[in-house]
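Have a look at the structure below before the remarks.
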Amino acid sequence: MQLATQPKPAGLAGNTEFLRKVYQAMLRARILENKMSSLYKAGKIVGGVYLGRGQEAVSAGLGASLVKGKDFFAPLIRDQAGRTAFGEPLLDCTRTYLGSVLGPTRGRDGNVHRGRPKEGMPTMISHLGVQLSVVAGMLFAKRLQGTLGDRVGATCLGDGATSTGSFHEGLNFAAVERLPFVLVVTNNQYAYSTPNTSQFACADLVEKARGYGVGGLSVDGTDFLATVSVVGEAVRRARAGEGPQLVVAHVLRLSGHGEHDDASYVPQEMRSSHCGRDCMDVARTQLLELGAVTADEIAGWEEQYAEEVQQAVAQAQQEPQPDPDTEDWMAVSTHFPAR
Amino acid sequence: MSVTYIDAIREAQLKLLQDDPRVFIYGQDISTFGGAFKATKGLADLFPGRVADSPISEDAMVGMAVGAAIEGMRPIIEMQFADFSSVAFNQIVNQAGTHYYRTGVPMPITIRMPSGGTAGSGPFHSQSMEGVYAQYPGLVVLTPATVSDAYHMLIDGVALDDPVIYCEHKYLYRWLKAESMAGERLPIGKARIARPGRHATVVAYSAMVHESVRAAEDLRNEGWEVEVVDLRSVKPLDTETVLESVARTGRLLAVGESFPWGGATAEVVSRVVQDGFHLLDAPPMRINARDTPVPYHPKLWSAHRPGQDLIRETLRQLLVY
């Protein structure tokens, strides 16, 4: 097991196209989430808004390493960038946050609880850790069907979710069955307001990999190139039949738990420390240094994505909301004569 | 040749594995060992890879089934005891039970729950969970009382596109025998008149059907004809058949083995009072287990659980009210 991986993006620096794709997803997600935050503060969104600010690199790195239509991806609360990189349309987000009946949850669930289960992206529930076994079950099914191939299933968690029983049961199950499974834990230092010191006692969460008998990789999640490289390596290993992989990325959550939360419990020293760096800034600098993008290109993308986001918001706002009178109120698909 | 209730469950699973390549069974000790109650005896050899042992991880077992169902399978999960499903409660009610409503994608999983008390089994191997699961939206809760129902309702349950909680009663496993598994095959959601009568209606399900029928037989010599309705499924609940019976008898006793606060019997009484108050000639009555954990000692256990004697004596009060 590899406990620490130095930011040596072997081969990645040459893969300009891939790096640009990851960065584009990060940028799209950041612009989209900034808009959701504004709409929330303007009172246009009912319920919570939860951002992935500061963890776009690890999330998009994972989403871009997966192949839509083949791989499985169960994003969690802070994975807008991963969703976008995996291919989720912006409209799925705006429709869900704004309550359009045309969105994937049709107003029945909100914000980050959306997905496309039949397109390889199961929906999250609020209870943490439970998606591990769901993704593992999707892979188990494909193996039973004889169509597993080089498919990979991945899901994401935060540091807090590693304390749940579901985390343990799910990772152990994936390990016992030696499934092509990738778990990305983004340690953003806080689970809502609870710091790492009250959440776990090991030095680095990646140490848990040894206990479960899975591969483990740890990375500075603010370092764009290192993070994309490490997450890609974990996916490669799982795809190559090396069994489940646990990646731990270290960042700071650059927002509150939700937009209702000012995160005043995060000390200023931590905000100004290394882990408080914004991976968006690091990515931009690294890509410019590599010559993979130009400042003008980034400015153009920013303009383009802002326009796309605006359109996705405007469209969702014009669409019908759910109607309790025409809602079928059916929790099961079978129409029984009795209820 | 006679067939037991547990034979019927094994035979149903054999047929399901034979007929439908989407079906597989997953649970603790169910592969070559054949399960704690031998409900999967020999099936792992016949269907390699499709009858698989799980770690002791009820949460992951159900989460796995949810993922497999999304990918087109029809998993059957064997809980070793219904009691242990509490560990999987979150996955059952929040993941599986909400899935269709939230996403529009059906969730065809079946969770077999060896339920109910047997002498000496104690607080953690005796529970009846049907009321707990019926309370949540999105789950179908089956409670077969006969060998034929044990067979057909498992097959019909697995065919449903929804999560099914299949409560199989451990007391009936080897005690209940029939000449064959063939029998009247009613659709899920339809109750059955287990014993016709005209003086009072007992609504029961699972093992309590047999206790109720015996209590009714005891009263026959005294001239009372008590009707026993076997609900077969507590969700959906066939209110119509219950009301039709109460319309004939004017008296209702609901009997269930689970704890007394709420649950299936309270639901039956509540529905009859709401929709059939005018049919009642006496206040409706309920019998459940006592409001303590299920005790270990056979003397305590048989006084904790509703049985033939308690049902008979309760009926005496109801009949002369």
So which chymotrypsin sites (Phe, Trp or Tyr not before Pro) in region A:210-295 end up in coil per DSSP with only 15 or fewer other C-beta atoms within 10 Å?
A:Y265
Can you spot the lysines whose alpha carbon is less than 30 Å from A:K208's alpha carbon? Ignore those fewer than 8 places along the same chain.
A:K8, A:K68, A:K70, A:K142
Which one of B:S233, B:S302, B:S245 has the biggest mean-square fluctuation once chain B is modelled by GNM with Cα springs under 10 Å?
B:S302
Rounded to the nearest 500, what is chain A's calculated 222 nm mean residue ellipticity when only DSSP H runs of at least 4 contribute -39500 (n - 2.57) each, over all residues?
-13000 deg cm²/dmol
Shape call for region B:52-109, from the Cα gyration tensor axes a ≥ b ≥ c (a/c under 1.5 means rounded, otherwise prolate when a/b beats b/c, else oblate), comes out oblate
Obtain the nm distance between the two label points defined at A:D204 and B:E225 by a simple spin-label model: each point lies 7 Å from its Cα along the Cα-to-C-beta direction.
8.1 nm
In debye to the nearest 20, how big a dipole does region B:3-178 give about its Cα centre with +1 on each Lys and Arg Cβ and -1 on each Asp and Glu Cβ?
240 debye
Just to verify a number: FRET efficiency for A:E303 and A:T326, C-beta to C-beta distance, R0 = 41 Å, to 0.05?
0.55
Kindly count the pairs of lysines across chain B whose alpha carbons are less than 22 Å apart, treating pairs on different chains or eight or more residues apart as eligible.
11
Can you tell me which of A:S229, A:S38, A:S126 moves the most in a GNM of chain A? Springs connect C-alpha atoms under 10 Å apart.
A:S126
Calculate how steeply helix B:58-70 sits against the longest principal axis of the alpha-carbon atoms of chain B, using the helix alpha-carbon long axis, and give the answer as 0 to 90 degrees to the nearest 10.
70 degrees
Need one number: % antiparallel among DSSP beta bridges in chain B, to the nearest 5.
20 percent
Using 0.36 nm per residue of separation minus the Cα-Cα distance, give me the extension gain between B:K15 and B:A266 in nm, one decimal.
86.8 nm
Rounded to the nearest 0.05, what FRET efficiency do A:L148 and B:D53 have when you use their Cβ-Cβ distance and R0 = 30 Å?
0.95
At a Cα cut-off below 21 Å, give the lysines reachable from A:K44, other chains included and same-chain residues fewer than 8 away excluded.
A:K35
How much length, in nm to one decimal, is gained on full extension between A:N34 and A:E269, taken as 0.36 nm per residue of separation minus their Cα-Cα distance?
82.1 nm
Once you average over the residues of B:89-102, how many Cβ atoms of partner chains fall within 10 Å of each Cβ?
5
First check a/c for region B:3-178, with a ≥ b ≥ c the square roots of the eigenvalues of its C-alpha gyration tensor; if it is under 1.5, answer rounded, and if not, answer prolate when a/b is larger than b/c or oblate otherwise.
rounded
Projecting each Cα onto the charge dipole of chain A (Lys/Arg +1, Asp/Glu -1 at the beta carbon, about the Cα centre), which of A:A240, A:A292, A:G120 comes out farthest on the positive side?
A:A240
Whole percent per 5 Å bin, from 0 to the bin with the longest distance: what is P(r) over all C-alpha pairs of region B:151-289?
2, 10, 19, 23, 20, 15, 8, 3, 0, 0
Looking at region B:3-178, send over the antiparallel percent of its DSSP beta bridges, to the nearest 5.
10 percent
About its Cα centre, chain B carries a charge dipole, from +1 on Lys and Arg Cβ atoms and -1 on Asp and Glu Cβ atoms, whose size in debye to the nearest 20 is 320 debye
Name the residues of region B:1-26 whose amide N is less than 15 Å from a point 7 angstrom out from the Cα of B:A182 along the C-beta direction?
B:1-3
In Å, what Kirkwood hydrodynamic radius results for chain B from the alpha-carbon pair distances?
19.8 Å
Once Lys and Arg get +1 and Asp and Glu get -1 on their Cβ, which of A:Q189, A:Q145, A:T164 lies farthest toward the positive end of the dipole of region A:141-202?
A:Q145
Give me B:V62, B:V51 sorted ascending by neighbouring Cβ count inside 10 Å, so fewest comes first.
B:V51, B:V62
log10 of Debye I(q)/I(0), alpha-carbon scatterers only, for the protein assembly as shown at 0.09, 0.11 Å⁻¹:
-0.79, -1.05
Starting with the highest mean, order B:191-197, A:137-143 by the number of other Cβ atoms within 10 Å, averaged over the residues of each peptide.
A:137-143, B:191-197
Placing +1 at every Lys and Arg Cβ and -1 at every Asp and Glu Cβ, with all other atoms neutral, what dipole size does the protein assembly as shown have around its Cα centre, in debye to the nearest 20?
820 debye
Taking chain A on its own, what percent of its Cα-Cα pair distances exceed 28 Å?
41 percent
Beta bridge orientation in the protein assembly as shown: antiparallel %, DSSP, nearest 5
15 percent
Convex hull (Cα only) mean projected area of region A:103-208, reported in nm² to one decimal
7.8 nm²
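Each reported figure results from applying straightforward, stated rules to the coordinates on display, with no laboratory input. If you're wondering where the values come from, they're calculated on a predicted model, not measured in any experiment. Heads up, the Cβs are rebuilt from the backbone with ideal geometry, glycines too, and the neighbour counts pull from every protein chain shown.
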